[in-house]
Structure formats: structure tokens, C-alpha cells
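Only one structure is covered here, and it is reproduced in the block below.
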Amino acid sequence: MAYNILIVDDSNIVRAVIKKTLDLAGISVNELYEAANGEEGLQQLKQHWVDLVFSDINMPVMSGVEMFNRMQEDEDLKGIPVVVVSTEGSKTRIDELLQHGIRAYIRKPFTPESLRDIVGGILGD
Amino acid sequence: MTTGNQAMLARVFSQVAENLAFMFVEPQEDEPLPAPAGPCVAAEMTFTGQFPGTLTLAVPMALCPVIAANVLGVEPDDELAMAQPYDALNELLNVTCGNLLTALAGEEPVFDLTIPAVRELDGKAWNALENDSETVGLVIEEHPVLLKLTL
């Protein structure tokens, strides 16, 4: 099965790396959408059906956490799983994010195997 | 910054450069750093939390598209690597900072990191940074690299 995926990160390079890693991990992608911040991410989510969101936390205009909180207020978006991809290493903050409903957390730098395990765990292999 | 912190900074940066960009860092123990070929830039970010600080990563501009190409796994003259030459430098700094704070403070404290910003460095500014006792000097692909953690 191929998935529609949204990548939200202010770095073109990081978005390109995630795309490439999805490919290396053997994850079938139908449509891949991109956004440079949380606000653009919400716009993409309102225009397209998305199965899974990868999002950075620390971005200009709107952070990944704020985007996630806005998604929870929207009946159409609250069920879309969000995976945070960040340099964040604080267990305290990661636990906080997971308690708020973030589905998984990937710390940079990451491997195709870790990405595949996480996507498989959320969407099924 | 203590010598221990400098060693940790060098170790964390080397691991991140290897894992993120497949680039191998050469330590410069007693040897002087090679002079930068051409103009240089510094990426910088600050953090607040258990302790505040600033992390700076300075490199010759010529190294930026090489880092970008390595991160992307493409040739240095690839369109994306050439179009966003500082994007990968910022990301290298960002990932180093996140990993360094965990190495220094452990997994419990929460830090807030700013978004990295790049500025140009003239020869005088490069020399001042290189000669700063808190700066760690390394070499990647024959280019000098300066790292400074200010706490």
C-alpha cells in the first residue's frame, strides 16, 4: 500500500533527506507534500488527504507543536498521526509530546531502519 | 568552557558529521589548522534551559555545498546542494547542538533552541575565533572547521 505523506520542516535539505530515507526504507509513497512551517503544514492538510505527517518542532512562523495543537482542534485533522523528527534529546519533553498525542519521535540523525520501524508501527507493514 | 567540554564538543560533532553527512573529521592535535581557502561563514544558535549558551560553527564557504551534497548523497554541483548552500551547515549545527546538550546535561533537562542563522566572517573575525581559547579546531576534507560553545 502506498501512503500520502506530509513533511513539515523549514530546511529544504532535511525535507529532501526524509524523502530519500523513506525511499531507502522501502516505504511506498503515493503523494508526498512539503511545508516549510506549521502554518503551511495546516494549509497542506486542508487541501490534501494525508496518512502521516513528519514534523520538526523548531520552525519559524509556526512550530510543530503549535501545528499539532491546531490539528487536535480540527475534527478532520485530529486523527492524522504525527511523527516528530527533531534534534530534541530531552526525555522530559519527548514524554510530554507523546502524552499530548504525538504518535512517535525520531531523533536526528536517523537511519532508514528506524524510520521503517516507526512508519510500520503506525501504518502497518 | 572546560577542556572536557571541548573534547565532548569535538566528539559529538565528529559523530554527527559522520552519521548525518558521512564526513570524517580529522582532529588537529598539535598541528596548526590549514588556512581557509576563500571567504568564510559562521552558523550560530543559542539555547536556554538548565544553562544558557551559544554554539558557533565556522567553515570556509567552499565547504558548504560539499556538506550539503554529502547530506543529500549527491554530487557537490547538484542543483539542490548548490541552491541552499547554508541549509546543511545550519542542520549540522542544529543536530550537533541537540546531541551536545544531551551529552552535557543528560536526558531530563529541557532546552529551548533558537533557529540557526548564518553570517559571513571576514579574515579578522575568522582569526579571532580561531585564536579564542574556547574554540575547537578540526579539519574536514582538508578544510578548517571552528567550533565554539559559550556557556
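Derivation of every value follows stated rules applied to the coordinates shown; laboratory data play no part. Given the structure is predicted, the values throughout are model-derived calculations rather than measurements. We place every Cβ from the backbone using ideal geometry, glycine too, and count neighbours over all the protein chains shown.
Some notes on this structure:
- This model, with +1 at the C-beta of Lys and Arg and -1 at the C-beta of Asp and Glu, gives the stretch B:1-123 a dipole about its Cα centre of some 300 debye.
- Under the Debye formula (equal points on every Cα, no solvent term), log10 I(q)/I(0) of the stretch B:1-143 at q = 0.11 Å⁻¹: -0.40
- Shielding value for B:29-41 is 0, the average number of Cβ atoms from other chains within 10 Å of each residue's Cβ.
- In loop segments of the stretch A:32-125 as defined by DSSP, the GluC sites (Glu not before Pro) with at most 13 further C-beta atoms inside 10 Å of their C-beta are A:Glu73, A:Glu75.
- Cα-Cα pairs of the protein assembly as shown separated by more than 36 Å (percent): 16
- Annotation: amide H of B:Val41 within the under-5 Å range of B:Val59, B:Met61, B:Leu121, sequence separation 5 or more or interchain, hydrogens built in the peptide plane.
- Under the Karplus curve 6.51 cos²θ - 1.76 cosθ + 1.60, θ = phi - 60°, whole-Hz ³J(HN,Hα) for the stretch B:61-70, x wherever Gly or Pro sits: 3, 4, 7, 4, x, 5, 4, 4, 5, 5
- FRET efficiency for B:Asn19 and B:Glu75, using Cβ-Cβ distance with R0 set to 25 Å, rounded to 0.05: 0.75
- Computed label-point distance, nm, for sites A:Lys78 and B:Ala37 using a 7 Å Cα→Cβ extension: 5.8
- 3J(HN,Hα) along the stretch B:85-93, derived from phi through the Karplus expression 6.51 cos²θ - 1.76 cosθ + 1.60 where θ = phi - 60°, amounts to x, 9, 4, 6, 4, 4, 5, 4, 5 Hz, with x in place of Gly and Pro.
- Chymotrypsin sites (Phe, Trp or Tyr not before Pro) within the stretch B:1-108: DSSP coil, no more than 12 neighbouring Cβ in 10 Å: B:Phe22, B:Phe24
- Net length gained if the chain between B:Met82 and B:Asn127 were fully extended (0.36 nm per residue, minus Cα distance): 13.5 nm
- Efficiency of FRET from Cβ geometry, A:Glu113 and B:Glu29, R₀ 30 Å, rounded to 0.05: 0.30
- Per-residue average of Cβ from other chains inside 10 Å of A:8-15: 6
- Chain B: most fluctuating residue of B:Asp112, B:Asp77, B:Asp30 per GNM, C-alpha cutoff 10 Å: B:Asp30
- If you take the alpha carbon atoms of the stretch A:3-123 and fit the smallest convex hull around them, that volume is 93 Å³ per residue.
- Loop-located trypsin sites (Lys or Arg not before Pro) in the stretch B:48-151 (DSSP state other than H, G, I, E, B) with a sparse environment of at most 15 neighbouring Cβ atoms within 10 Å are absent.
- Each label point was placed 7 Å from the Cα along the Cα-to-Cβ direction; for A:Gln43 and B:Thr48 their separation is 2.9 nm.
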